[in-house]
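Below is one structure, written out as structure tokens; the observations come after it.
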Amino acid sequence: MTEDLDIGELLRGDLQGVSMERVEPAELPLPYRELLCHDHDMTSTLAAFHGGEVVLEILNEEKGSGGYLREVLLKVNGHPVEYGVIRIFLERFPGPLREAVLGGGRPLGALLNESGLRYHSRPRGFLRIRREEFQPDFFPARDGKFLFGRYNELLDQGDGVLARIIEILPTETI
């Protein structure tokens, strides 16, 4: 399934070896469809849905010539609301924003929104993962056979890629 999405570079950390099935937006149950099928950032979407500020926790990071890669958890009120792996192309960011991203204190969506840099999201595919294949200790076990997510790109005004992201939501969002 994921071969056509070119997400191999993002299959790191807890996503290594996990089988993902590509699904159409109509196949996503609510509230996942509302949380994943849009062209804006996940940070503000999750903040509105969960009613609180989204806080970034960096699990792992790599800095190199291919950009800045990090494995993250986004949390609201101490509860994980998204697991993600993101490659950020720092050369596309102005200096102060680049430094803020590398500082690791805030989610990328929050930094972009505050910076005034014009950008948009382009979801490239929606994902379904069998719960038994992805059971990291930061997502509590809940009823439900699947987790849902998306492969997304953040683009600047000229459609240059700012970041590529796999975003997985926990079962507890419903």
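Every number here is computed from the coordinates shown, using simple stated rules; none is lab data. Quantities reported herein were computed from a predicted structural model and do not represent experimental measurements. Every residue, glycine among them, receives a Cβ derived from its backbone with ideal geometry; neighbour counts consider all protein chains shown.
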Projected onto their principal axes, the Cα atoms of the chain stretch, largest extent first, over whole-Å spans of 45, 35, 29
When Lys63, Lys75 are arranged by how many other beta-carbons sit within 10 Å of their Cβ, fewest first, they go Lys63, Lys75
In the range 53-163, taking the dipole from +1 charges on Lys and Arg beta carbons and -1 charges on Asp and Glu beta carbons about the Cα centre, the listed residue (Asn113, Ile88, Gly144) farthest towards the positive end is Gly144
Magnitude of the Cβ-charge dipole (Lys and Arg +1, Asp and Glu -1) of the range 101-174 about the Cα centre, nearest 20 debye, reported as 200 debye
By Cβ neighbour count within 10 Å, fewest first, Val101, Val76 rank Val76, Val101
Computed about the Cα centre, the charge dipole of the chain from +1 Lys/Arg and -1 Asp/Glu charges at the Cβ has a magnitude in debye, to the nearest 20, of 120 debye
Mean Cβ-within-10 Å packing, highest first, puts peptides 128-135, 106-113 in the order 106-113, 128-135
